[in-house]
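Taking it in order: structure first as structure tokens, then the write-up.
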Amino acid sequence: MNKTRKIIASKLIKTRIVLRNKELQKHVPPTHPFTQKRLSAMLARYGMIYVKPDAGSLGIGVMRVDKKGGVYRYQSVVRIFTFPTFEKLFQSIQSRCGSKRYLIQKGIHVLKHEGNPFDFRVMIQKKPSGGWECTGTAGRVAHPRKAVTNGSQGGTIYNAADLIEPKHGSEATTLLLQKMEQIAKLTAAQFGRSYPAMNELGLDIAVDHKLNPWILEVNTRPDPCPFTKLEDKAIIRKIVTYAKAYGRQYCLTCSKAKKAPR
């Protein structure tokens with residue numbers, strides 16, 4: 001147990017912490033260190049995967065990789081690269097990774113809004129009075145030309161229910177949002193056992209077409225910017241208030257993320 005550590009950079013370490021909880025295991029996509037053998041096996045099994053830096057943030061360096069027919073391709077930011085063979089695909093991705101450590105994660109075919117994929121950021125914080133509380137959930141719709149949903153990459157921020165309810169109804173929406181909060185609380189409890197000094201987490205949760213939630217990533221120093229774009233300003237006020245109580249101040253200048261249209 002590390003009693004003072006508050007930040008963990010490695011996505012793989014954070015994934016392994018989550019996997020210690022049996023209930024959370026079914027919500028974690030298979031995630032492994034990047035190797036040629038693993039890339040080949042996961043691409044053959046899942047058809048679509050993500051390659052991402054082990055230590056990174058804001059969606060920088062994330063690549064969406066897939067195979068359709070006999071064509072291999074990956075998307076990095078707004079560019080799509082295609083290859084006739086797996087070997088050429090691997091060589092290109094490896095050169096892009098350089099000496100940095102990367103991971104491979106099973107791709108989730110997520111829900112879409114107007115043709116663009118979306119996921120959710122769930123914020124959970126230590127209350128000034130003690131214990132964990134989910135202080136906000138925001139929907140993030142990807143920029144039309146990008147594979148990542150991050151507001152820092154031009155994503156659009158929505159009230160979470162507004163992305164689910166029109167197609168799935170109010171009852172399913174309520175149950176899904178409750179499930180995501182339950183996942184966040186279990187995750188916070190799991191991290192808290194190993195790192196009791198941690199005060200906040202931001203979970204990136206994707207939802208597939210069967211409304212199953214998947215933990216894509218756990219952020220130990222989450223950016224509150226998505227919540228500044230929501231209509232309900234009480235959410236960001238609470239997030240800031242709780243953060244001040246444990247000694248963190250945020251930069252709330254969030255110019256790249258967009259507000260959802262009314």
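The values are calculated or read from the model by the stated rules, or taken from the named source; none is laboratory data. The shown structure was predicted, so the numbers you read here are calculated from the model rather than taken from an experiment. Using ideal geometry, Cβ is built from the backbone for each residue, glycine included, and neighbour counts are taken over all protein chains shown. Ligands, DNA and RNA are excluded from the accessible area calculation, which covers all protein heavy atoms including side chains. Shrake-Rupley method; radii C 1.70, N 1.55, O 1.52, S 1.80 Å.
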- Message: If a residue must be assigned to a loop (DSSP other than H, G, I, E, B) and without any contact (Cβ under 8 Å) to a residue 12 or more places away in the chain, how many such residues does the range 20-34 contain?
- Response: 1
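The rows are residues; the columns are (1) closer than 19 Å to His209 by Cα; (2) at pLDDT 90 or above; (3) buried (at least 23 other Cβ atoms within 10 Å of the Cβ).
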site: Gly107; (1), (2), (3): yes, yes, no
site: Leu111; (1), (2), (3): yes, yes, no
site: Asp119; (1), (2), (3): yes, yes, yes
site: Trp132; (1), (2), (3): no, yes, no
- Would you mind telling me which numbered condition in (1) surrounded by 21 or more Cβ atoms within 10 Å (Cβ to Cβ); (2) at pLDDT 95 or above; (3) not hydrophobic (A, V, I, L, M, F, W, C) Asp162 fails? (1)
- Determine the pairs where a residue that is β-branched (Val, Ile, Thr), located within the range 125-136, has a partner that is open to solvent by 40 Å² or more (accessible area, probe 1.4 Å) with Cβ atoms under 8 Å apart, the partner being 6 or more residues away or on another chain. Thr135/Lys238
- Per the list (1) surrounded by 14 or more Cβ atoms within 10 Å (Cβ to Cβ); (2) farther than 16 Å from Leu216 by Cα; (3) out of contact with any Pro (no Cβ under 9 Å at 6 or more places or on another chain), residue check on Thr85 breaks on (1)
- Ala147 fails exactly one of (1) within 19 Å of Gly115 (Cα to Cα); (2) in contact with a strand residue (DSSP E or B) (Cβ under 8 Å, 6 or more places away or on another chain); (3) modelled with pLDDT of 95 or more, namely (3)
- Message: It is to be established whether one or more residues within the range 104-113 are free of Cβ contacts under 8 Å to residues at least 24 places away in the same chain and under 24 Å from Gly47 (Cα atoms).
- Response: yes
- Considering residues of the range 1-13 that are open to solvent by less than 60 Å² (accessible area, probe 1.4 Å) and touching a helix residue (DSSP H, G or I) at 6+ places or on another chain (Cβ under 8 Å) only, the residue farthest from Asp223 (Cα to Cα): Asn2
- Restricting attention to the range 247-259, which residues are within 17 Å of Arg140 (Cα to Cα) and either hydroxyl-bearing (Ser, Thr, Tyr) or out of contact with any Ser or Thr (no Cβ under 6 Å at 6 or more places or on another chain) (or both)? Ser255, Ala257, Lys259
- Hey, can you tell me all the residues within the range 52-77 that are among the aliphatic types (A, V, I, L, M) and either modelled with pLDDT of 95 or more or farther than 29 Å from Leu201 by Cα (or both)? Val65, Val71
- Message: Which of the numbered conditions does Phe83 fail, given that it passes all the others? Conditions: (1) within 20 Å of the chain's Cα centre (by Cα); (2) at pLDDT 95 or above.
- Response: (1)
- May I ask you to list the residues in the range 14-44 that are surrounded by 13 or more Cβ atoms within 10 Å (Cβ to Cβ) and of a type in the set (A, V, I, L, M, F, W, C)? Ile17, Val18, Leu19, Leu24, Val28, Phe34, Leu39, Ala41, Met42, Leu43
- State all residues of the range 105-132 that are assigned to a loop (DSSP other than H, G, I, E, B) and charged (D, E, K, R); if no residue qualifies, say none. Glu114, Lys127
- Per-region count, the range 207-245, residues under 17 Å from Lys6 (Cβ atoms), open to solvent by less than 40 Å² (accessible area, probe 1.4 Å) and assigned to a loop (DSSP other than H, G, I, E, B): 3
- Task: Check Ile7, Ile17 and return the single one that is β-branched (Val, Ile, Thr) and assigned to a helix (DSSP H, G or I).
- Result: Ile17
- Message: Among the listed residues Arg73, Arg64, Arg45, Arg38, identify the single one that is assigned to a helix (DSSP H, G or I) and in contact with a strand residue (DSSP E or B) (Cβ under 7 Å, 6 or more places away or on another chain).
- Response: Arg38
- Is it fair to say Lys68 is over 24 Å from the mean Cα position of the chain (by Cα), open to solvent by 30 Å² or more (accessible area, probe 1.4 Å) and farther than 24 Å from Lys256 by Cβ? yes
